[in-house]
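First up is the structure itself, then whatever we jot down about it.
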Amino acid sequence: MDQPALSSIDDAAVREVIGKFFTSRNAALALTGPLPAGLSLGLPSGDVQHPSVARPIADLPMPLWFELGGPPLALSFEVESGTEVSRNSALAVAQIASQRALDQLRKQQGIIYDISHQILEAEGERGIVCLTTDPRKKDAGLVLGEIRRILNDLAANGPDELELDQLIDDVRDFVADPRSAAITATDAARRHLLGERLISPQQMIMDTGAATRQMVQKALTLAEKTLMVGMPEGTSSSDPSLRMLGSENHEPVPGRSFERSLRGSFQGVPSKARLIIGADGVSLVDQMVTTILWEDVRGLEYAPHGISLHGIDAVSRELQQSWFAKANEAFALIEHHVEDALTYRVETS
């Protein structure tokens, strides 16, 4: 991600972050051997700084799909993660689904090369399972359908005993491998900082063995209604059960309307496009309505030909000076509503 606002950060802001986060109570050192003689961490004690709580995007029309900015096909869905057993059950889902996909989609059909999985810890009792694979564009829809079929089969029938036994064998092999020491130590450091229970290698084996067929099925309870699919760039999903992100329109904010300018018409701005600025926020109406509320603004970027307004959840809109009649007045209204601390200029070469 580009970081154009870095140029506006001063020494005081950097020192404030250092003073808050670079402390001994907010750090953990992971070692795979004995403590070196004379090792010291010369940090002030400070306070523990747990990760900030993420604010969920409201009213997402899940299950949904959107176009990724690259070649992979990605799927994610929520899982229960309030206990060690539920987290291990979610991991079992990801591992078994990935192995089935490799067997069926690579070895049998030859339409993917690899598939990876990741478990993301969310705030509270929820986590997220992510699956990422690499089909050719022409096979993206087919691969999506096959992976969903694998997940639905796991939800309906669960894994077989051989798959569960294989998970235990894999963990035993991992624990026995000397190269796992760095991963285990790093995980222990993470758990220490987050205040979670430390897990020994033997406990890992026991927890994996505790994941039953029913627990794996239960881990998929939220999968269908929280499914998000990122389609490879240049492709789309024709699955009728998935809604396209951004396809659900809404009413623009009430306020003053700025119509397309004559110059804007020559630049390809749609004839019915308009910019609406009101007390609650700003809406851009072209093929669809994009609204950024003032309370959700995270940056106002000045560029040579106009501005870009950045909001939460990666919502961003560029507005060029030539697109709308009386654009100077429109930009002045936007500037009036955005705090000075959130404005910055892009350095031009």
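Within region 240-262, how many residues turn out to be modelled with pLDDT of 90 or more and either aliphatic (A, V, I, L, M) or surrounded by fewer than 16 Cβ atoms within 10 Å (Cβ to Cβ) (or both)?
Filtering region 240-262 down to residues modelled with pLDDT of 90 or more leaves 240-243, 252-262.
Still in the list and also either aliphatic (A, V, I, L, M) or surrounded by fewer than 16 Cβ atoms within 10 Å (Cβ to Cβ) (or both): 240-242, 253-254, 256-257, 259, 262.
Counting residues in region 240-262 that are modelled with pLDDT of 90 or more and either aliphatic (A, V, I, L, M) or surrounded by fewer than 16 Cβ atoms within 10 Å (Cβ to Cβ) (or both) gives 9.
Would it be correct to say that MET206 is within 30 Å of TRP65 (Cα to Cα) and not small (Gly, Ala, Ser)? Let's see the steps before the verdict.
On the way: within 30 Å of TRP65 (Cα to Cα): no; not small (Gly, Ala, Ser): yes.
Considered against the rule, which asks whether it is within 30 Å of TRP65 (Cα to Cα) and not small (Gly, Ala, Ser), MET206 comes out as no.
Can we say ALA58 is at pLDDT below 80, loosely packed, with under 13 Cβ neighbours inside 10 Å and in a loop (DSSP other than H, G, I, E, B)? Don't jump to the end; show me each part of the working.
Working: at pLDDT below 80: yes; loosely packed, with under 13 Cβ neighbours inside 10 Å: yes; in a loop (DSSP other than H, G, I, E, B): yes.
Criteria met by ALA58.
Need the failing condition index for GLY234 against (1) exposed (fewer than 13 other Cβ atoms within 10 Å of the Cβ); (2) closer than 30 Å to ILE119 by Cβ; (3) at pLDDT below 90; (4) not aromatic (Phe, Trp, Tyr), just the number.
(3)
Would you confirm whether or not region 194-213 contains a residue that is in contact with a Ser or Thr (Cβ under 9 Å, 6 or more places away or on another chain) and modelled with pLDDT of 95 or more?
No, because not a single residue in region 194-213 is in contact with a Ser or Thr (Cβ under 9 Å, 6 or more places away or on another chain) and modelled with pLDDT of 95 or more.
State whether the residues of region 67-74 include one that is touching a strand residue (DSSP E or B) at 6+ places or on another chain (Cβ under 8 Å), under 25 Å from ALA314 (Cα atoms) and part of a loop (DSSP other than H, G, I, E, B).
We begin by selecting, within region 67-74, every residue touching a strand residue (DSSP E or B) at 6+ places or on another chain (Cβ under 8 Å); these are 67-68, 72-74.
If we keep only those that are under 25 Å from ALA314 (Cα atoms) too, we end up with 67-68, 72-74.
Filter again for part of a loop (DSSP other than H, G, I, E, B), leaving 68, 72.
Yes.
For region 76-114, name all the residues that are crowded, with 22+ Cβ neighbours inside 10 Å and part of a strand (DSSP E or B).
Within region 76-114, PHE77, VAL79 qualify.
Give me a count of the residues in region 304-337 that are farther than 12 Å from LEU275 by Cβ and either modelled with pLDDT under 90 or in a loop (DSSP other than H, G, I, E, B) (or both).
8
With within 28 Å of the chain's Cα centre (by Cα), in a loop (DSSP other than H, G, I, E, B) and not assigned by TED's automatic domain parsing to the domain that holds GLU125 as the only criterion, which of LEU43, LEU29 stands out? Before you say what the answer is, go through the steps one by one.
Values: LEU43 fails: within 28 Å of the chain's Cα centre (by Cα).
The conditions single out LEU29.
Closer than 27 Å to ASP134 by Cβ and out of contact with any helix residue (DSSP H, G or I) (no Cβ under 8 Å at 6 or more places or on another chain): which single residue out of LEU245, LEU194 fits that description? Lay out the reasoning, then the answer.
On the way: LEU194 fails: closer than 27 Å to ASP134 by Cβ.
LEU245 is the lone residue from the list that is closer than 27 Å to ASP134 by Cβ and out of contact with any helix residue (DSSP H, G or I) (no Cβ under 8 Å at 6 or more places or on another chain).
Can you tell me which of LEU293, LEU300 is closer than 14 Å to LEU342 by Cβ and surrounded by fewer than 18 Cβ atoms within 10 Å (Cβ to Cβ)?
After applying the criteria, what remains is LEU293.
I'm trying to understand the selection: among the residues of region 248-287, which are without any contact (Cβ under 8 Å) to a residue 24 or more places away in the chain and among the polar types (S, T, N, Q)?
Listed by number, the residues that qualify are SER257, SER265, SER271, GLN287.
The values are calculated or read from the model by the stated rules, or taken from the named source; none is laboratory data. Treat the numbers as computed from the prediction; the structure is a model and nothing was measured. Cβ sites come from the backbone with ideal geometry, for glycine too, and all protein chains shown count toward neighbours.
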